[in-house]
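The values are calculated or read from the model by the stated rules, or taken from the named source; none is laboratory data. Because the structure is predicted, anything quoted here is derived from the model rather than measured. Cβ coordinates were reconstructed from backbone atoms using ideal geometry, including for glycine residues, and neighbour counts include every protein chain displayed.
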Amino acid sequence: MLQDNNMMTTGFIMLLVTMICLVIQNSRALMVLFLFEVLTLSIYLMFSTKFIMQGSPLPAMIFLVLSICEASVGLALLVSIIRSYGSDQVFSK
């Protein structure tokens, strides 16, 4: 039980740190996509801990499949942006 609480706490800390970094680093599309992946990983860590404790790993697997789809769409958008504009900068400085 203590290990499960530690995993939930670790996931929550990862979630908070990622949200802070997302607010600070928002000028490059690649960095934003990477932070979204870390955000998804931290949410998956919390979900998998909760659902496996209850004996039902299926919702965690569904979330993992949806996060993989989100990553592939994000990568396709990044490639499209780089081909169109020649850079991954979102804002011009």
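The C-beta contact set for the stretch 55-75 (first residue free of Cβ contacts under 8 Å to residues at least 60 places away in the same chain, second residue among the polar types (S, T, N, Q) and surrounded by 14 or more Cβ atoms within 10 Å (Cβ to Cβ), distance under 6 angstrom, 6+ apart or interchain) comprises Ala60/Ser48; Ser67/Thr40.
Report every pair of residues separated by at least 6 positions or lying on different chains whose Cβ atoms are under 7 Å apart, first residue within the stretch 7-18 and within 19 Å of Phe51 (Cα to Cα) and β-branched (Val, Ile, Thr), second surrounded by 17 or more Cβ atoms within 10 Å (Cβ to Cβ) and modelled with pLDDT under 90. Close Cβ pairs (under 7 Å, with a partner that is surrounded by 17 or more Cβ atoms within 10 Å (Cβ to Cβ) and modelled with pLDDT under 90) amount to Thr10/Leu45. For the stretch 39-57, the criterion of being in contact with a Lys or Arg (Cβ under 8 Å, 6 or more places away or on another chain) and on the phi < 0 side of the Ramachandran plot is satisfied by no residue at all.
Inside the stretch 19-37, can you point out the residues that are touching a residue at least 40 places away in the same chain (Cβ under 8 Å) and within 13 Å of Leu78 (Cβ to Cβ)?
First pass over the stretch 19-37, keeping only residues touching a residue at least 40 places away in the same chain (Cβ under 8 Å): 26-30, 32-33.
The answer is Arg28, Ala29, Leu30, Val32, Leu33.
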